[in-house]
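Computed from the coordinates by the stated procedures, all read-outs in this text should not be read as laboratory data. What you see is a predicted model, and the numbers here were worked out from it, not measured in a lab. Neighbour counts are summed over all protein chains in view; Cβ atoms, including those assigned to glycine, are modelled from backbone coordinates with ideal geometry.
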Amino acid sequence: MSADTMRAVVQDTFGGPEALRVAEVTRPVPLPTEVLVRVHAAGINPVDWKTRGGSGMAGLLGEPPFTLGWDVSGVVEEVGFGVTTLKAGDEVYGMPWFPRAANAYAEYVTAPARQFARKPATLDHVHAAAVPLAALTAWQAVVDTARVRAGQRVLVTAAAGGVGHFAVQFARHLGAHVVATAGAARHPWLKELGADEVIDYTSTRFEDATAGIDVVIDLVGDDHDLTGTRSLKVLRPGGLLVAVPAGVSPELAAAAEAAGVRVTPFLVEPDGAALTTIAALIDAGEVAVEVERAFPLEQAGAAHARGEAGRTRGKLVLTTGVGPGAN
Ligand SMILES: NC(=O)c1ccc[n+]([C@@H]2O[C@H](COP(=O)([O-])OP(=O)(O)OC[C@H]3O[C@@H](n4cnc5c(N)ncnc54)[C@H](OP(=O)(O)O)[C@@H]3O)[C@@H](O)[C@H]2O)c1
C-alpha cells in the first residue's frame, strides 16, 4: 500500500451484505477548511444497509461503486488551509457530510473541520464512533425539534437500539418521564438508563399500556405494525410525533390532523457544536454509550447482517486496525 492509498470497504453493485468488500483506494486530501482524519473506528447505522441495498441515501450517492458510512472516530492527521480549531494529533469524532457521501468505512476521511468535535475523553474510539449519527438524531429530535421540558411524558419506541438508548437518556436528562418500548430482555438495562416505564412490544400494544404522552420519538415507523400511526393514540391533544424512520405519509398526516395532534418528518444533520455538548454529558457520566460488538473492516458484511436483523442492543462499530482496542 503506498502513502497515497488506503483500505476502504467498497461495493460495486447494490445488494446484500455480500456486496461489501475491502479494497485499496485513493487516500483523500483535505481542501481548505477541511481536516484529514485517520479513522480508528466507524459506526454502523441502519441508513448504511438501506443505502447498500439501493434505498436510504442511495439516490444522493448515485450508482456504485461507493463507500458507505458517516460515523467516525479518529485522530486528525493533517489540516487544510484556514483551519484554526483543530490540529494534527487531536482526537475527534463526527458524522460529516450527511446526507452526502462521507466514505467513513475507510482508513482516512476528509471533511469540514467544524463537522467534527473533540472525542469524549472518557471513551475509546470504538465507543466514540458509536455516538455521532445516533446521538445527533436523538438530540435533534428530543431537544431541537420537540423541545422536551421537565415533567413532560415522552414515549420512545425501539428504545434499545442506537438512537433509542440515547433518546431515553437525553429525555431523562431534561427531566421528562420516559416510557420505552423494547423486548423484555432489555428492560432492566433501559431502566438503568433512566426509563420510568418499559413496555414489552412483543406481548403488549403500547397504546393499551400508556397515555397522555406529550412527545413520541418513533424509531420503528409505519412499515412495522403501523407503529407511527398507532402512536397517535397515546398523544395528548396537541402532542407531537417525531416520525424518524421514514417521514410522514399523507395517510399519517391525515390521521394526525383527525386526532388533533402534530406530526413532523425528521432528518439528522451534521452538528459539531451539539457533539461537543454531547461529549460533555458523556464525560460527566450523564450519558452511557452501548456497543454490542465491534467488527474489523473485513467483516463489514457480517456486521450489516447483524444490524439488519433488527435486534441490536445499542450500536455496532467497524474498526480499521489502528489504535488500542482495535479489532
Ligand atoms: N431520519 C433520520 O435522520 C434517522 C436517523 C437515525 C435513524 N433513523 C432510522 O430510525 C430507525 C432506528 O434507528 P436505530 O439506529 O436506532 O436502529 P437499530 O439500532 O438498528 O434498532 C434496533 C432496535 O430496534 C428494536 N426494535 C425492533 N423492532 C421493534 C419494535 N417493533 N418495537 C420496539 N423496538 C423494536 C430492537 O429492540 P429489541 O431487540 O428489544 O426487539 C433493537 O434494539 C431506523 O429505521 C433508522 O433508519 C432515521
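The gain in end-to-end length when the residue 254 to residue 208 segment is fully stretched comes to 14.3 nm, 0.36 nm per residue minus the alpha carbon separation.
Inter-part distance, the stretch 76-139 to the stretch 168-207, computed on C-alpha centroids, equals 30 Å. Of all aspartates and glutamates in the structure, those lying under 14 Å Cα to Cα from residue 87, and not within fewer than 8 positions of it along the same chain, are 34, 77, 78. Normalising the average separation of contacting C-alpha pairs (under 8 angstrom, six or more residues apart) by the number of residues puts the relative contact order of the chain at 19 percent. Rg and Dmax of the chain, both derived from C-alpha coordinates alone, stand at 19.5, 62 Å. Under 5 Å between amide hydrogens, built in the peptide plane, is the criterion, and for residue 92 it picks out 74, 75, 76, 119 among residues at least 5 positions away or on other chains. The stretch between residue 61 and residue 233 holds 58.2 nm of extra length on full extension. This uses 0.36 nm per residue minus the Cα-Cα distance. Were the residues from residue 277 through residue 13 laid out at 0.36 nm apart, the gain over their Cα-Cα distance would be 91.2 nm.
Between amide H atoms placed 1.01 Å from N, distances below 5 Å from residue 80 occur with 33, 34, 35, 36, all of them 5 or more places distant or on a separate chain. The string of couplings for the stretch 25-40 from the Karplus curve (6.51, -1.76, 1.60, θ = phi - 60°) is 10, 6, 6, x, 10, x, 7, x, 6, 9, 10, 9, 10, 7, 6, 8 Hz, one whole number per residue in order, with x for Gly and Pro.
Packing order of peptides 251-257, 60-66, highest average first: 251-257, 60-66 (average count of other Cβ atoms within 10 Å over each peptide's residues). Listed peptides 219-229, 120-130 appear in the order 120-130, 219-229 once ranked by packing, highest mean of other Cβ atoms within 10 Å at the front.
Using alpha carbons only, the radius of gyration of the stretch 130-259 set against its Kirkwood radius gives Rg/Rh = 0.93.
Taking all Cα-Cα distances within the stretch 238-327, those exceeding 18 Å account for 69%. Backbone amide hydrogens, once placed in the peptide plane, bring residue 322 within less than 5 Å of nothing, excluding anything fewer than 5 places away on its chain. Here the spin labels are modelled as points 7 Å beyond Cα on the Cα-Cβ line, and at residue 149 and residue 223 they lie 3.6 nm apart.
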